Amino acid sequence: MKPKFFIVTFLLALACQPIWAKIELPNIFSDNMVIQRNEKVLLWGWADTGEEVTVLTSWDNKEYKTKTSIEAKWSLEVDTPEAGGPYEINFKGNDNELVLKNVMIGEVWLASGQSNMEWSATTNKGIDNAEEEIKNANYPNIRFFTIDRRTSEYPQENIPGAWEVCTPETMKNFSAIAYFFARRLQGELDVPIGLIDNAWGGSPAEVWAPKSVFDENDDLRVPAEKVEESRWSPVSPSQLYNGMVHAITPFKIAGTIWYQGEANRNRFEIYGKLFSEMVGSWREAWGADFPFYYVQIAPFKYKERERGVQLRDVQRRVLKTIPNSGMVVVSDIATIDNIHPTNKQDVGLRLANLALKETYNSFEGEVYGPLFKEVHPQGKKIEVIFDHSAGLMSKGKKVTHFEVAGADGTYHPAKAIIKNDKVILSSKEVKEPLNVRFAWDNIAEPNLFNAAGLPASSFISE
């Protein structure tokens, strides 16, 4: 055999070797990660076709075996104990061995949405008390995974990134709301907390929903295909779901926190259904009805009249249609001249208190502000009843931002009196009030609170 022919034959043989000649893992599995406690957790990856993969978990010294499929993929479930660590997970194939170190077992939460969730202590104007918060961010049992921005026309099987331990250096560029959420959970539950951040500033909800949502709902698909291009984010339906969500859906999580909606204010009429379908599709993809806690968008001086408050009202209403969900109101910590309020501490705290009460049953306090329930017309007056109204009060001499309308549908400012945790309204301009609206303005910062110091949500009773 001639030397030249031999070399060519050898190189062709190398080129024909299987792509996954060695066992490989998706990036969501790395040193320093957190996996969900007290669960059957899926581990997966790639290797040569038919290759035997052995996994050893150090928390119980248990060995698991599986074989790679014809698609060169493998997966298996491992049992996780109560919270603890650090542990190691050993993966062994025919030709290589991988060891993940400093693995913790605890609670894993996904943080998603647009810029207010993406915002870090060092983004633009940063956050309140940023220097002190960064300096004190030494929490070895809080771990971060940031999914870099990626778009795709088709669902991807891997995403870029690696787990990091919470330090001042890593915290300062991570989602501030997610960090404060985790800090509160970790302090209360005393278990490791893992955070996966895949937020993208300016993103509309349409890009976070999978293709199935639009295939099954023409009333969502048609407007989604007409969303105007943006300088901040891709707008094609499902692009961010495909690039930043799909790959992690096999990874067990405890729940999701979400802050988004500003980019959908001009399509508020369909946002309720779109949001509900998106949440449902995520739960279906994960195979779990995990809790989904979200932030109602803050007051801001949008150029479009009433669009901000209309979106807030949709978010309030959809709370009743999405099971195992919760909403926090932030009208009292808004900055109407800045769409990015710098008080991220209280947002994270309110989300964490929701989770502590609803998911972990470890918080006894009130976690909701007053939420509109119903109105009772009473001749010249009308009574407004709220849920979560214990200790209803105004922070000021008079209750502000209430309006009433009669049969003609025209709203007028109303005098408001709090009585027995209800609000009684009247107006000289409306002889027989039938409907009520509250804080019905993009920049409304009303002064109605409950005893827990949480603000009432804007609403319209029609």
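The values are calculated or read from the model by the stated rules, or taken from the named source; none is laboratory data. Since this is a predicted model, take the numbers as computed values, not measurements. When we count neighbours, we look across all protein chains shown, and the Cβ atoms used for this are built from the backbone with ideal geometry, even at glycine. With ligands, DNA and RNA removed, areas are computed over all heavy atoms of the protein, side chains included. Shrake-Rupley method; radii C 1.70, N 1.55, O 1.52, S 1.80 Å.
Evaluate the range 131-154: report whether one residue or more is in contact with a strand residue (DSSP E or B) (Cβ under 9 Å, 6 or more places away or on another chain), over 30 Å from VAL207 (Cβ atoms), among the aromatic types (Phe, Trp, Tyr) and open to solvent by less than 70 Å² (accessible area, probe 1.4 Å). Even if it seems obvious, please write down each step before you answer.
Step one: list which residues in the range 131-154 are in contact with a strand residue (DSSP E or B) (Cβ under 9 Å, 6 or more places away or on another chain), which gives 137-147.
Next, from what is left, pick out any that are over 30 Å from VAL207 (Cβ atoms): 137-141.
Now restrict to residues that are among the aromatic types (Phe, Trp, Tyr): 139.
Pick out the ones that are also open to solvent by less than 70 Å² (accessible area, probe 1.4 Å) and you get 139.
Checked against the condition, which is being in contact with a strand residue (DSSP E or B) (Cβ under 9 Å, 6 or more places away or on another chain), over 30 Å from VAL207 (Cβ atoms), among the aromatic types (Phe, Trp, Tyr) and open to solvent by less than 70 Å² (accessible area, probe 1.4 Å), the range 131-154 yields at least one hit.
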Practice task
Tell me which residues, restricted to the range 163-181, are surrounded by 21 or more Cβ atoms within 10 Å (Cβ to Cβ) and touching a Pro at 6+ places or on another chain (Cβ under 8 Å).
Solution key: CYS166
Practice task
Hey, can you tell me all the residues within the range 377-400 that are open to solvent by 30 Å² or more (accessible area, probe 1.4 Å) and within 17 Å of GLU462 (Cβ to Cβ)?
Solution key: PRO377
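Among the residues in the range 273-281, are any of a type in the set (Gly, Ala, Ser), within 26 Å of ASN353 (Cα to Cα) and in contact (Cβ under 8 Å) with a residue 60 or more places away in the chain?
First, the residues of the range 273-281 that are of a type in the set (Gly, Ala, Ser): 276, 280-281.
So of that shortlist, the ones also within 26 Å of ASN353 (Cα to Cα) come out as 276, 280-281.
Add one more test, that the residue is in contact (Cβ under 8 Å) with a residue 60 or more places away in the chain, and what stays is 281.
The answer is yes; a qualifying residue exists.
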Problem - the range 399-410 residues that are under 21 Å from PHE449 (Cβ atoms), paired with ones that are open to solvent by 40 Å² or more (accessible area, probe 1.4 Å) and of a type in the set (Val, Ile, Thr) (beta carbon under 9 Å, 6 or more apart) - result: VAL399/ILE417; VAL399/ILE418
Fill in the blank from the handout: Considering the range 356-392, residues that are touching a strand residue (DSSP E or B) at 6+ places or on another chain (Cβ under 6 Å) and among the hydrophobic types (A, V, I, L, M, F, W, C), and then whichever is nearest to GLU432 (Cα to Cα), we arrive at ILE382
Practice task
Considering only the range 100-152, state which residues are closer than 30 Å to VAL78 by Cα and hydroxyl-bearing (Ser, Thr, Tyr).
Solution key: SER112, TYR139, THR146
Completion exercise
Checked the range 382-410 for anything over 14 Å from SER426 (Cβ atoms) and part of a strand (DSSP E or B); matches are ILE385, PHE386, ASP387, MET393, SER394
Practice task
Scan the range 431-445 for residues that are open to solvent by 10 Å² or more (accessible area, probe 1.4 Å) and touching a strand residue (DSSP E or B) at 6+ places or on another chain (Cβ under 9 Å) and jot them down.
Solution key: GLU432, LEU434, ASN435, ARG437, TRP440, GLU445
Problem - Every residue from the range 357-376 that is part of a loop (DSSP other than H, G, I, E, B) and surrounded by fewer than 14 Cβ atoms within 10 Å (Cβ to Cβ) - result: ASN361, SER362, GLU364, GLY365
Handout entry: Single match in TYR139, TYR154 (criterion: more than 15 Å from the chain's Cα centre (by Cα), aromatic (Phe, Trp, Tyr) and farther than 24 Å from TRP232 by Cβ)
Key = TYR139
